[in-house]
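A.B. asks: This is the structure I have questions about; it appears just below.
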Amino acid sequence: MSEECLICKAPLEYLAEDAPMECAICHKREMSKTRCVNGHYVCNECHTKGMDSILALCLQNRSRDPIAILESMMALPFCHMHGPEHHVMVGAALLTAFQNAGGEIDLPHALSEMYRRGSAVPGGACGFWGACGAGISAGMYLSIATQSTPLAAEAWSLANQMTARALEAIAAHGGPRCCKRDSYLAVIEAVRFTEEKLGVRMELGPVACTRSAQNRQCLGARCPFHAGWRP
């Protein structure tokens, strides 16, 4: 995972404008700004193949610590150092810990909805949309947990506040992106926000990065998890 391209292990490059690409795995053709320096492109669907395994993991997990649940997901074979899988995993970990901590939700339905929504956020959203997918995932979690809709009042506000809080924490540490760092930051803010606004207290244990050698763009000592973080 110290490489970028799933095909040839070369670094990725990001184009200024969308260009026609053909997935090197499934051969689907679509427009994208992302490819490796050797021209290989892998679509979001192929990049996240196997991600449905997180649903079973979550349904069997009894932890109240969403970081611990997230780490279990990150250890699965489908999860790469970076990628759109994190846009589902953050919200799924939070929903699972939320229920385990006493939150009232239909977890199977909630996880299915999280999978559907999170999968719609493409890779590279952090740089191209100005909104990291991990932060958006935290907002999706809050939206699902409160059953928000575009016509809701308080729930609508809370979901947007949650996304803003997560994105602010992510942005404060600067780029380039790290899907692991940004996922941790989004989860930490969501745990705090959930207790403040919903009165449900999840748990947070220490977080220590074990993947810095796998990330070409690691911030090193500038990352809050590089030397270990404690709540």
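A.B. asks: Going from most exposed to least, what order do ARG29, ARG177, ARG64 have by accessible area with a 1.4 Å probe? Could you put the intermediate results ahead of the total?
C.D. replies: Values: ARG29 155, ARG177 50, ARG64 110 Å².
In descending accessible area the options line up as ARG29, ARG64, ARG177.
A.B. asks: Here's something else I'd like to know. Taking the alpha-carbon centroid of each part, what is the distance from the range 148-164 to the range 43-75 in angstrom?
C.D. replies: Measuring centre to centre over Cα atoms gives 25 Å.
A.B. asks: Given a 1.4 angstrom probe, I'd like the percentage of the accessible area of the range 81-185 that is carbon and sulfur, rounded to a whole number.
C.D. replies: 57
A.B. asks: Counting other Cβ atoms within 10 Å, which GluC sites (Glu not before Pro) in the range 134-231 have at most 15 and lie in a DSSP loop?
C.D. replies: Details: sites: GLU154, GLU168, GLU189, GLU195, GLU196, GLU203; in loops: GLU203.
Passing both the DSSP loop test and the Cβ count: GLU203.
A.B. asks: Here is a follow-up. Which far-off residues, 5 or more places away or on another chain, put their amide H under 5 Å from the one on ALA10, with H placed in the peptide plane?
C.D. replies: Placed amide hydrogens put GLU4, CYS5 under 5 Å from ALA10.
A.B. asks: From Cα pairs below 8 angstrom and at least 6 apart in sequence, can you work out the relative contact order of the range 141-230, rounded to a whole percent? Before the final figure, lay out the partial values.
C.D. replies: Details: 74 pairs, mean separation 19.5, N = 90.
Rounded, it is 22 percent for the range 141-230.
A.B. asks: Then there's this: Would the range 1-81 count as rounded, prolate or oblate if I go by the C-alpha gyration tensor, calling it rounded below 1.5 in a/c and otherwise prolate when a/b exceeds b/c, oblate otherwise? Walk me through the numbers on the way to the answer.
C.D. replies: On the way: a/c = 2.76, a/b = 2.24, b/c = 1.23.
Since a/c reaches 1.5 and a/b is larger than b/c, the shape of the range 1-81 is classed as prolate.
A.B. asks: Select from ILE136, ILE69, ILE25 the residue whose mean-square fluctuation is largest in a Gaussian network model of the chain (Cα-Cα springs shorter than 10 Å).
C.D. replies: ILE25
A.B. asks: A follow-up question, please. Taking R0 as 41 Å, what FRET efficiency do you get between ARG192 and ARG216 from their Cβ-Cβ distance, rounded to the nearest 0.05?
C.D. replies: Working: r = 31 Å, r/R0 = 0.75.
Step by step, r from the Cβ atoms, then E = 0.85.
A.B. asks: Taking the full set of protein chains and a 1.4 angstrom probe, give the accessible area of LYS9 in square angstrom, rounded to the nearest 10.
C.D. replies: Taking all protein chains as shown, LYS9 has close to 100 Å².
A.B. asks: For the chain, build the charge dipole from Cβ charges (+1 Lys, Arg; -1 Asp, Glu) around the Cα centre, then report which of ALA93, HIS80, PRO108 sits farthest towards its positive end.
C.D. replies: Checking the options against the dipole of the chain, the answer is HIS80.
A.B. asks: Calculate for the chain the 222 nm mean residue ellipticity that helices alone would give, adding -39,500 (n - 2.57) per DSSP H run of length 4 or more and normalising by residue count, nearest 500 deg cm²/dmol. Don't skip to the answer; put the middle values down first.
C.D. replies: Working: 9 runs with 104 residues, N = 231.
Helix-only estimate at 222 nm: -14000 deg cm²/dmol.
A.B. asks: Taking the Cα centre of the chain as the origin, how large is its charge dipole in debye, to the nearest 20, when only Lys and Arg (+1) and Asp and Glu (-1) carry charge on their Cβ atoms? List each step's numbers first, then the result.
C.D. replies: Values: 21 positive and 22 negative charges, 94 e Å.
That gives a dipole near 460 debye.
A.B. asks: How high is the relative contact order of the chain? Use alpha-carbon pairs under 8 Å, at least six apart in sequence, and give a whole percent.
C.D. replies: Relative contact order comes out at 18 percent.
A.B. asks: Using modelled backbone amide H atoms (1.01 Å from N, in-plane), which distant-in-sequence or interchain residues come within less than 5 Å of LYS33's amide H?
C.D. replies: Amide H neighbours of LYS33, under 5 Å, 5+ apart: ALA19.
A.B. asks: Can you run phi through the Karplus equation (6.51, -1.76, 1.60; θ = phi - 60°) for the range 10-21 and list ³J(HN,Hα) in whole Hz, with x for Gly and Pro?
C.D. replies: So the J values, rounded to whole Hz, are 7, x, 8, 10, 10, 7, 6, 9, 4, 9, x, 10.
A.B. asks: Could I ask something else about it? Nothing charged except the Cβ atoms of Lys and Arg (+1) and of Asp and Glu (-1): what's the magnitude of the dipole of the range 29-144 about its Cα centre? Round to the nearest 20 debye. Present the calculation step by step, with values, prior to reporting the outcome.
C.D. replies: On the way: 8 positive and 9 negative charges, 65 e Å.
In debye, rounded to 20, the range 29-144 gives about 320.
A.B. asks: Still on this structure, I have one more. Match the structure shown to one of the listed values (1) 17.9; (2) 18.4; (3) 19.0 of Kirkwood radius over Cα pairs in Å, computed from it, and give that label.
C.D. replies: So the calculated entry is the one marked (1).
A.B. asks: Want the number for LYS9 to LEU151: 0.36 nm per residue separation, take away the alpha-carbon distance, what's left? Intermediate results must be reported in sequence, preceding the final value.
C.D. replies: Numbers: separation 142, 0.36 × 142 = 51.12 nm, distance 4.58 nm.
Using 0.36 nm per residue and subtracting the Cα-Cα distance, I get 46.5 nm.
A.B. asks: Probe 1.4 Å, all protein chains in place: accessible area of THR48 in Å², nearest 10?
C.D. replies: 20
A.B. asks: How would TYR41, TYR115 line up by accessible area, probe 1.4 Å, largest first? Write down the numbers at each step before the final one.
C.D. replies: On the way: TYR41 20, TYR115 70 Å².
Greatest to least solvent exposure: TYR115, TYR41.
A.B. asks: How much accessible area does TRP129 have with a 1.4 Å probe, in Å² rounded to the nearest 10?
C.D. replies: Approximately 150 Å² for this residue.
The values are calculated or read from the model by the stated rules, or taken from the named source; none is laboratory data. Note that the structure is a prediction, hence the values are computed from the model and not measured. A quick note on method: Cβ atoms are made from the backbone with ideal geometry, for glycine too, and the neighbour counts reach across all protein chains shown. All accessible areas refer to the heavy atoms of the entire protein, side chains included, with ligands and DNA or RNA removed. Shrake-Rupley method; radii C 1.70, N 1.55, O 1.52, S 1.80 Å.
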